[in-house]
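Enquirer: One structure, as C-alpha cells, below. Some questions next.
The values are calculated or read from the model by the stated rules, or taken from the named source; none is laboratory data. None of these values were measured; they are calculated from a predicted model. Reconstructed Cβ throughout: ideal geometry from the backbone, glycine too, with neighbour counts over all protein chains shown. The area values use the complete protein model at the heavy-atom level, side chains included, leaving out ligands, DNA and RNA. Shrake-Rupley method; radii C 1.70, N 1.55, O 1.52, S 1.80 Å.
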Amino acid sequence: MNFIASLTRQAIQALYQQDIPESAINLQETRKEFEGQITVVTFPFTKFSKKSPEITGTELGNYLVAHAPAVASFNVIKGFLNLSLTDEYWLSLFHQEVLSDQFGILPKNGERVMVEYSSPNTNKPLHLGHVRNNLLGFSVATILEAAGYDVIKTNLVNDRGIHICKSMLAWEKFGHGETPESSGLKGDKLVGNYYVLFDKQYKQEVDTLKAAGKSEEEAKRESPLMQEAQELLRRWEAGDPHVIALWKRMNDWVYDGFEKTYERMGITFDRVYYESNTYLLGKDIIEEGLSKGVFFKKNDGSVWIDLTAEGLDEKLVLRSDGTSVYITQDLGTAQLKYDDFKMEKSIYVVGNEQDYHFKVLFHILKKLGRPWADGLYHLSYGMVDLPSGKMKSREGTVVDADDLMDEMVQTAKERTETLGKVDEFSETEKLALYDMIGMGALKYFLLKVEPKKRLLFDPNESIDFQGHTGPFIQYTHARIKSVLHKGNHQLSKDAIAPKALETIERDLIKELVSYTDVISNAAETYSPAVVANYLFELAKLYNKFYHELSILKTTDTLSKNFRLNLSAATAKVIAAGMELLGIQVPARM
Ligand code: ARG
C-alpha cells in the first residue's frame, strides 16, 4: 500500500506546492463503520491547502482517483479520506503475495541475533515462570527468523554454586544412593527434592541453635549443614575429583529431566552455555575497567562502578576477597557470546525482577566502549499468577512445569470428550489432539499478553473453544480443513477469481495481505502478542465469512472455487502464524 503514500505526496506537491516526506503521511485501516479500506489522515494537510478538511480531502481524493487505477472511489469524513481500492487490486495482491510460496518468510536481512532464554538453575525443576520465559524466547526467536534474521537460540545454565552443593550434600547424607532409575523420578525432580530437604534440615538446625540461645545470624552461620555445603563448594572450586564426579552425575540427571520438559514444550536451543565455564570470566574485564577508570576500588579491595550520573547507584562488580558476583560472570559471558557469534543483536529473555541488573550490565559494557553493547536488549517480562494466588518460587510449592502441562492436556481431554468432537478418532489420534489443544491453550494464553504485563493464567479460560484462545483458532483451522476436504480442494496458485468481490471476501484478503507487516511489527517489538492477536482477528473474520457466504453450496463454480481457495489461504496463514507461536494446528477436531 506504499503507492498511496507516494501518490499522496505527489498530490500535495501538485495541489498545494508543498514537499513533505512520505513518512509524514499517516495511513490507517478504514474504520469498520465507513466505506473503504485505506484511510489517509488529512488534518495535517489543511495548513498547506488553507481549506476546510472536507474540501482538502475531496481535492486529494479526486487526484488519487484520477492518477491511480487501483483507487476506485473515496469518501470524506472530516479529516479522514477513506479510499476504496478496486477488486482487481486486492485480487492481484492475493495472487502475487498471499499465494506465493515465500509468503510469510521475509527476505534475509543479513543480521544476526542471539536470543537467550530459559537459563535455569540446576537445583530445581522448571516452573510456571520458566514456562512463560521458554515460550516467549522460543517464539521471539522463531518470529525473528521469519523476519529475515539469522538466529542463534541459547540457554545459559547456572550449574554451579552453593545451590547445587546444597542438593549434593543432602543427597550424600540422606539419599541412600537413590537415582532416577531406582526411584522412577525425573532427574530434575529428584535433585530438586534434595534441595528442598536441605532447606528443611537446615531450618531445623537453625531453630535448635536459636533455642540454645544463639542469635538468628549466629545460628545461620554456625549451622553445620551450611558449613558443610560451603566446604563442598570450596572443594568443587579446588577441583576435588570426588566432588566433581558427584556434581557431574547429579547435573546429568537434571539435564535429562530438563530435556524432557523442553521437548514436551517443543522448544530447542542451538547453543548451551554453562556457568561452570563462564563464572571465572569477567575478571579481566574488571582489570580493564579499573585501568580505564570506569571502575574504582574501595579500601577493602572491592571493585565498584558509580552509576549515579545515570540515575542508578553504586554497584559492586567484584568482592573484596576477589570472588565474582552475578554481574562479573555476565560481563564475561556477554563478551564470550559476542566472540563466538559476532551478532548484531543479543536479547536476554529474563523476568522483570532483573531489570536493574541488566541496566547496569549494559551501561558497563557501553562505558567500556564495546561497540556491540548497543545491540543488547533485555526482553523483560512480568510474573505469571494463577487464580489461586501468586506462585511461590522458594519453598518447593511452585507450580511445576510438567504438572501444569499434564493438567492442561487432561483438561483438553475432558472438554473435547464432553463436546463429543472425537467419536471417530483412533486412540492415537485422540492423544495427539488432546496434546495439541492442551499445549495450544497454554501457549496461546501466555503469548497473547504483551511480555511486559503481569498475567493471570486461568487454565479454564485458556481452553474455551469460543473465547480469545488458542483452541478457538485451532478449531477454526480444523473447520477450514473440513470445508476443503468436503469441497475436494487444495490451495491453488492460479485459481481464477470472480469479477466482483463481496465485502467480507475483500476484508479477508486485506487481513491475509497484512500478515507480512504483522511479522515485521512483531519482530521489531519482540512481541509474539502481535502475532497472537492478529491470528485471533483473522480467525474471527474467517468465521464471519463462513457464516455470511455459502461456500460449498455456491452454484457459480468460479465463486465456489475462489471461496475455497480463500479458505485454503486462510488455513495456510493460520498454520504459519501459529507456528511462530510454537503452536500446532489440527486438521480435524
Ligand atoms: N539463572 C538465572 C536465574 O535463574 C537467570 C540468568 C539470566 N541470564 C543472564 N545472562 N543473566 O535467575
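Enquirer: By average Cβ neighbour count within 10 Å, what is the ranking of 439-450, 211-222, 341-352 from highest down?
Expert: Result, highest mean Cβ count within 10 Å first: 439-450, 341-352, 211-222.
Enquirer: What is the spin-label model distance, in nm, from L280 to L316 if the labels are put 7 Å beyond Cα along the C-beta direction?
Expert: Calculated label separation equals 2.3 nm.
Enquirer: For the chain, what is the charge dipole size about the Cα centre, in debye to the nearest 20, if Lys and Arg each add +1 at the Cβ and Asp and Glu each add -1 at the Cβ?
Expert: On the way: 69 positive and 82 negative charges, 176 e Å.
That gives the chain a dipole magnitude of about 840 debye.
Enquirer: Under a point spin-label approximation (7 Å from Cα along Cα-to-Cβ), what is the S92-K298 distance to one decimal in nm?
Expert: 7.0
Enquirer: Which pairs, out of K189/K481; K292/K452; K367/K452; K315/K345, put more than 29 Å between their alpha-carbon atoms?
Expert: K189/K481; K292/K452
Enquirer: Check which residues have an amide H placed less than 5 Å from Y274's amide H, if you skip close sequence neighbours.
Expert: So Y274 has HN proximity to V157.
Enquirer: Run the accessible area of the chain with a 1.4 Å probe and give the carbon-and-sulfur part as a rounded percent.
Expert: 50
Enquirer: Suppose R0 equals 25 Å; then what is the FRET efficiency for Q102 and E537 from their Cβ-Cβ distance, rounded to the nearest 0.05?
Expert: 0.65
Enquirer: Can you give the charge dipole size of the stretch 404-474 about its Cα centre, rounded to the nearest 20 debye, using +1 on the beta carbon of Lys and Arg and -1 on the beta carbon of Asp and Glu?
Expert: 520
Enquirer: Can you work out ³J(HN,Hα) from phi for every residue in the stretch 266-280, in order, using Karplus 6.51 cos²θ - 1.76 cosθ + 1.60 and θ = phi - 60°, giving whole Hz and x for Gly and Pro?
Expert: x, 10, 9, 9, 8, 8, 10, 9, 10, 5, 4, 8, 10, 5, 8
Enquirer: Further question: Report the accessible area of H468, computed with a 1.4 Å probe over the heavy atoms of all protein chains in place, in Å² rounded to the nearest 10.
Expert: For H468, the solvent-accessible surface is approximately 50 Å².
Enquirer: Okay, moving on. Give me the accessible area per residue for the chain, probe 1.4 Å, as a whole number in Å². Please report the intermediate quantities before stating the final value.
Expert: Numbers: 27110 Å² over 589 residues.
For the chain, the per-residue accessible area is 46 Å².
Enquirer: Given the options M436, F48, P451, identify the residue whose Cα lies farthest towards the positive end of the charge dipole of the chain (+1 on Cβ of Lys, Arg; -1 on Cβ of Asp, Glu).
Expert: F48
Enquirer: Calculate one ³J(HN,Hα) per residue across the stretch 339-350 by plugging θ = phi - 60° into the Karplus curve 6.51 cos²θ - 1.76 cosθ + 1.60, and present them in order as whole Hz with x for glycine and proline.
Expert: Once θ is set to phi - 60°, the couplings for the stretch 339-350 become 4, 5, 10, 6, 7, 6, 10, 9, 10, 10, 8, 9 Hz.
Enquirer: Please name which of A170, F536, F34 has its Cα lying farthest along the dipole of the chain towards the positive end, using unit charges on Cβ (Lys, Arg +1; Asp, Glu -1) and the Cα centre as origin.
Expert: Working it through, the farthest residue towards the positive pole turns out to be F34.
Enquirer: Shifting gears a bit: Go through the stretch 434-450 residue by residue and turn each phi into a ³J(HN,Hα) via Karplus (6.51, -1.76, 1.60, θ = phi - 60°); whole Hz please, and just put x for glycine and proline.
Expert: Each residue of the stretch 434-450 in turn: 4, 4, 4, 6, x, 5, x, 4, 4, 5, 4, 5, 6, 8, 6, 8, 3 Hz.
Enquirer: Which one of N561, V573, T525 is farthest out on the positive end of the charge dipole of the stretch 487-589, using unit charges on Cβ (Lys, Arg +1; Asp, Glu -1) and the Cα centre as origin?
Expert: Ranked along the dipole, the leading option is N561.
Enquirer: In degrees, nearest 10, range 0 to 90: what is the angle between the Cα axis of helix 503-513 and the longest Cα principal axis of the chain?
Expert: 40
Enquirer: Work out the FRET efficiency for Q490 and T428 from their Cβ-Cβ distance, taking R0 = 22 Å, and round it to the nearest 0.05.
Expert: 0.30
Enquirer: Further question: Roughly how many debye, to the nearest 20, is the charge dipole of the stretch 471-547 about its Cα centre, given +1 on each Lys and Arg Cβ, -1 on each Asp and Glu Cβ, and no other charges?
Expert: Dipole about the Cα centre, nearest 20: 380 debye.
Enquirer: Roughly what % of DSSP beta bridges within the chain run antiparallel, to the nearest 5? Let's see the in-between values first.
Expert: Numbers: 23 of 45 bridges.
If I count the DSSP bridges inside the chain, around 50 percent turn out antiparallel.
Enquirer: Within 10 Å of each candidate Cβ there may be at most 10 other Cβ atoms; applying that plus a DSSP loop requirement, which trypsin sites (Lys or Arg not before Pro) in the stretch 25-105 survive?
Expert: Here the trypsin sites (Lys or Arg not before Pro) that fit, given the DSSP loop and packing criteria, are K32, K50.
Enquirer: Over all directions, average the projected area of the Cα convex hull of the chain and note it in nm².
Expert: For the chain, the mean projected area of the Cα convex hull comes to 34.7 nm².
Enquirer: Please calculate the 1.4 Å probe accessible area of W90, with all protein chains present, and give it to the nearest 10 Å².
Expert: W90 has an accessible surface of roughly 0 Å² with all protein chains in place.
Enquirer: Heavy atoms only, 1.4 Å probe, whole protein assembly: order D252, D87, D159, D199 by accessible area, highest first.
Expert: Ranking D252, D87, D159, D199 by accessible area, largest first, yields D252, D199, D87, D159.
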